[in-house]
Amino acid sequence: MASTKIDGPGGGGGGAGGGILTNGPRNGHEMAPLNTRARGDGTHGVTIVLTASQRNSLTSVDATGEPERAAWSGKMQFFLSIIGYSVGLGNIWRFPYLCQQNGGGAFLIPFMIMLILEGIPLFLIELGIGQRMRLGALGVWNTIHPWLGGIGISSCIVTLFVALYYNVIITWVFFYLFNSFRYPLPWSSCPVINGTAVEECTRSSETAYFWYRETLDAAPSMDEPGGLKWWIVLCLFLSWTIVFFIVMKGIQSSGKVVYFTSLFPYVVLTIFFIRGITLPGAGAGLMHMYTPKVEKLADPTVWLDAATQVFYSFGLAFGSLIAFGSYNTPKNNCVRDVLLVSVCNAITAIYASVVIFAILGFKATVNVEKCINTNKDILFHHNLLPSINVTDLEYESAMELVPKNETGWKLEECSLSHMLDNAAEGTGLAFIVFTQAIVELPGAPFWAVLFFTMLLSLGLGSQIGILEGMLCTLFDIDIIKRVKKQHVTAVVCVFCFLVGFIFCTGAGEYWLKMFDSFAGTIGLVVVALMEMISVVYIYGHKKFTEDIYQMTGYRPGPYWQWTWRYIGPFIMVCILISSIIFMVIKNPTYGAWSKELGAVVQTDYPNWVMAIALSMILAGVLPMPIVFLMRSFQCLKVDLDIHQGSIRRNETTTSTKVMMDDDDDDDDDMSGPALGGPLTSLSYSDDEDDEDDQPVTMRSSNYGNSLSVPQTNRFNTSSNSKSKKPFKMEVVDF
């Protein structure tokens, strides 16, 4: 054992005195707690213990005695996991609706602009920083600066809220999938009691009745939720059980499932596309959707919708992309991955829109024919038509003879554009509108099984990514990482299942809409904004650029610099401010099902529900300022993760950095192993192999000054201070 003592000035009163570094571990235990103790001889000291250099492979970066960090078994597994996570239900049931409502084909202009200026830059930040640090969301932000640890906690809390209600959608899909094996489909006709169709069904529609009454047994309001619906509880249990078995071993188990969840939706979309374009009315549906309405681009809400859609379609700020990136090899080309996934995401959204509106065009054509036949029957009974078997020209002539003020005849507007304008989004599109179109197809049960299996694949793919991001964040915490992952995953799934009972009542859909509107909106935008600020301005855009270059061989140019530093944060701030303004100005409401009217009635949220919504927003935002204050004032006793967060840095601490800079005698030399230059500090090992195999805290840096802790009086690092005691550093090499 060799022992070397290094004396130097500085040392500081509040730095990292009394710490231990081992060459290998990445688990946050490298140094002892941050309380500097005097040696008794008037000096302060740091002891660094160095073990023999360990040869880690690219897929195993942890030290002996610690569990190896998981890694993708191949490039295809990683790519499909990212695709399965990013391409979700929103591509199927929200993007087509936004296109239709916001200018048709013209909406593609703001969508692509926001994709380039907002989505892709933040996507690379999350994927790149995860790959560079080889840590989850909590570990990454602790490493950049201990004061930023709250970002990881906020991300984890918001992700938990989203995971709670996202799996409920999978629950409903399961219920519909099981009913799709019945012939005829149970939502193809109204139930008949004593020879008479149920009035609630006749007032609405067959598909709406099956959704609100047979599936949800919808309550009249959130104040009257009713009891638990046992069939929904069973399906929810099935959903969480399947999710548990998929994610219980991390990517070792979920990585095998993504081959199905990511590829199968494309197979189904292609089948629907081939069938859809051959149906009557498909061309009319596509023309209605993609005919550009350029005047819509002057509406600011269109651009806001585009920015929001890009943000959520990529699944940004959940921590999942950071986790996925951390399982990559250090030399993976993350820039190429970001571009490929972004293009795939955009193409999938457009492709799905073509499929959806081709089918909806067919449905609208069938509904127009039914509407005209109904009007013909009314006109015949009022002697305006000689029979119901007349030409379209005769029908139109008869319609012109109808008195303008006549309302008792109950004539309907039989317009194709009017029918298409009633297309819904979200659950309404999937469970009401599209199911009605499926009924009209020959062999309807086959198409229903295909459609809901596709939704199930999309939902599971996204849910796997959401939970993986949350669990990876949890395992950055010292206490939790000592427990087997299967046990932690089981506890999380059981907790989510029990909390999910609120979605199994008659007010379940109302609760889901409330969670979707409040739990995963403001919190995610704030987290994303802080992520971009942290990497670009605290970690340093130059250093991050150099990291990307070292990992990929590509140095991000002006496009990346401008979007990271200015455009991206500006768009995030606009989304955040507008979301808050709309939330305050526009009184939040939910659609409650009225049994008497057979229709959805917009209802104000009760005050107690709004209090819960506000609590969820605060729960997703407050951890950031709380951790900042707690760590800035060194509240060690209440911070379970303070010593991991304070030491797991990409640089040395302030105290050791001053000592090492003085010892180097070359303040201007910014070269190092990352740039291929000489090591500017101590040579910790005779092994000159690739620096990627070393723990993050022992790596050199190109921009040493850009990330160091601000040199405040608390750290007392000024070299001109006359009151400093001699600083001693002892390096013990085994």
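The values are calculated or read from the model by the stated rules, or taken from the named source; none is laboratory data. All values reported here derive from a predicted model rather than from experimental measurement. Cβ atoms come from the backbone with ideal geometry, glycine included; neighbour counts cover every protein chain shown. Side chains included, ligands, DNA and RNA excluded: accessible areas come from the protein's heavy atoms. Shrake-Rupley method; radii C 1.70, N 1.55, O 1.52, S 1.80 Å.
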Stokes-Einstein D (µm²/s) once Rh is taken as the Kirkwood radius of region 355-412 over alpha-carbon pairs, at 37 °C in 0.692 mPa s
264
One-quarter of the Cα convex hull surface for region 261-367, in nm²?
9.3
Taking the Cα-to-Cβ direction at residue 501 and at residue 537 and moving 7 Å from each Cα, how far apart do the two end points lie in nm?
4.6
Once the whole set of protein chains is in place, how much accessible area is left on residue 75, using a 1.4 Å probe, in Å² to the nearest 10?
80
Per the Kirkwood formula over distinct C-alpha pairs, the hydrodynamic radius of region 147-248 in angstrom is 16.4
Global size of region 355-491 as Cα Rg and Dmax, reported in angstrom:
25.7, 83
Measure off, as a whole percent, the carbon and sulfur share of the 1.4 Å-probe accessible area of region 334-485, all protein chains present.
59
What does the accessible area per residue of region 70-154 come to in Å², with a 1.4 Å probe and no ligands, DNA or RNA counted?
18
As a quick test, which of the pairs 249/484; 75/256; 331/485 have an alpha carbon distance above 19 angstrom in this structure?
331/485
Net charge dipole size for region 298-376 [Lys, Arg +1 and Asp, Glu -1 on Cβ; Debye, nearest 20]
240
How much length is gained if the chain between residue 446 and residue 393 is pulled fully straight, taking 0.36 nm per residue apart and subtracting their Cα-Cα distance, in nm to one decimal?
15.3 nm
Rounded to a whole %, the carbon-and-sulfur portion of the accessible area of region 115-270 at a 1.4 Å probe is 68
